[in-house]
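See below for the structure under consideration.
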Amino acid sequence: MAASVAQLALMLGLLAVAKVVAGGGVRVRRRPTGPNDRTDRRPLQVVAADLRRLNRQLEHVPPGRRAAVLRAYDAVLVEVAGLLEVPHVLGADGPRGPARVAERVRLVAALTDAGLAVRV
């Protein structure tokens, strides 16, 4: 009797393996997607690394390239603010001149308050 129970267990195990190999035994559940679970967004770690890199570049960029680096820095600030749901007005149609500089400083402080290390 013991041999037949072992044989039965072996057959059931082989049947389960065959079913998995055939594709019918594994059920993949997708995790629920919410409004903030978008696949077209870059991961926060990647965006934060870009922000830190651009922050370092701003300290050493020649004057003729500063405007281009600032535009890239602002774009990444806006991206990370969106990921962390930090409100801002730094978009393309946002403030200009000293008001833009003030909003940039405020946003960096808000991101730091949200737990992001902007300057490393």
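Computed from the coordinates by the stated procedures, all read-outs in this text should not be read as laboratory data. Just so you know, these numbers come straight off a predicted model, no measurement behind them. Cβ: placed from backbone, ideal geometry, glycine included. Neighbour counts: every protein chain shown.
Observations on the model:
- Förster radius 30 Å - calculated FRET efficiency between Ala102 and Asp40 (Cβ-Cβ, nearest 0.05): 0.45
- With the simple model of a label 7 Å out from the Cα in the direction of the Cβ, Ala72 to Val118 spans 1.8 nm.
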